[in-house]
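**Q** Submitted below is the structure of interest, expressed as structure tokens.
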Amino acid sequence: MLSDSERRTVQELEAALLSDPAFSRAVLPVARRLGRSRAPVVVGVTAGAGSSALKWAAAEAAGQRRPLRIVHALSAPVPMDPLGVVPVVDSLTAQQAAAAQQVDRALARVRSIAPDVEVSAGIVRGSPRRVLLRESRDAHLLVLGSRRRAGQRPGVRGPLHGSLALRVTATAGCPVAVVHPSGDVARDLVNPRVVVGIDGLTHSDAAVGFAFRAAARRGTAVTAVHAWCADCPADLEAVTAPLVTTEAAAYALVDGAVAAWRELYPDVPVTTEVVRCDPVSALVTGCADAALVVVGSRGRRAGLGAVFGSVSRAVVEGATTPVAVVRRGTEPSPPEAHRWASR
């Protein structure tokens, strides 16, 4: 163990080296790559949700050969009384004990189903949303469970509407996977297809890359789904492009979106589905027999999403399979992914 003086010397040396622009340009990219390669899969556990999410996260960490971090957010009860705000010590102690028991059970569960995974756990004080968003900054993937009933009819907004999972996906610093009660590890063995939604916008490229990497790890196929509709009239005479032209443009859009990733992952079979309907219906229906559905996100905050609507939000609410929401900037682009693969 270093003494205080030795630690200060190391810090001064580190600061001096980092102040050299040439050293920083050479070393920092390598350090970032090493840090990202060891970034953990983080799973949040709560009293009402988390069993399926825990199993799915353990399998994902094992498949990616990454460490798994189990996080339990603990909010201190602070009731009001006539003399002011006074925390109830006994209630907090009981809450801490219950959280510790739940984390211990989660650790034992992971070690029994994935003994080779490096696993750690922590009980972090704070609101669940704030704790999970902080954890997402250094995570490779954040996995959350939902309290939605297993078998809830797709497309129906139930208890998941407005849930923690939906609030976190809007601003998380890494991709977020939401695992419903029915979306357990066994589905990956029976329904290995990975479905990804493509809308032609820049944020969907990160989702496509995430889907190809997930399919490559599973040794399965990618299904790229794009929903289209007839063009809106361009003038008062309701002149629109022929439907065959609009459909051909939709196919060209999908082919262009997956072209770069086909080259990076030539062993991953790719099929495309161009459906004339709304995006949410196309994805929720199309992912019913899939292991995973991947959607992109603009990163719009939850309030605006509630007002203007959000495809990713609606898919998370309606799908019965695990859903990965990938925001632009949280996954490498095709050129960067190629550089990672070549190293």
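The values are calculated or read from the model by the stated rules, or taken from the named source; none is laboratory data. None of these values were measured; they are calculated from a predicted model. For neighbour counting, all protein chains shown are included, and Cβ atoms are generated from backbone atoms with ideal geometry for every residue, glycine included.
**Q** Give the residue that is modelled with the highest pLDDT, with candidates limited to residues of the range 62-96 that are surrounded by fewer than 10 Cβ atoms within 10 Å (Cβ to Cβ) and of a type outside the set (Val, Ile, Thr).
**A** Filtering first and then ranking leaves Asp90.
**Q** Looking only at the range 275-298, decide whether some residue is modelled with pLDDT of 90 or more and assigned to a helix (DSSP H, G or I).
**A** Within the range 275-298, none of the residues are modelled with pLDDT of 90 or more and assigned to a helix (DSSP H, G or I).
**Q** Next question, about the same structure. Could you tell me which numbered condition Ala234 fails, if it satisfies all but one of (1) within 17 Å of Ala257 (Cα to Cα); (2) at pLDDT below 80?
**A** Result: Ala234 fails condition (1) only.
**Q** Something else: Just give me the residues in the range 242-282 being within 28 Å of Val316 (Cβ to Cβ) and of a type in the set (Val, Ile, Thr), in sequence order.
**A** Result: Val254, Val258, Val268, Val270, Thr271, Thr272, Val274, Val275, Val280.
**Q** Looking at Ala150, is it more than 22 Å from Ala211 (Cα to Cα), among the small types (Gly, Ala, Ser), outside any helix (DSSP H, G or I) and modelled with pLDDT of 90 or more?
**A** So Ala150 fails the test.
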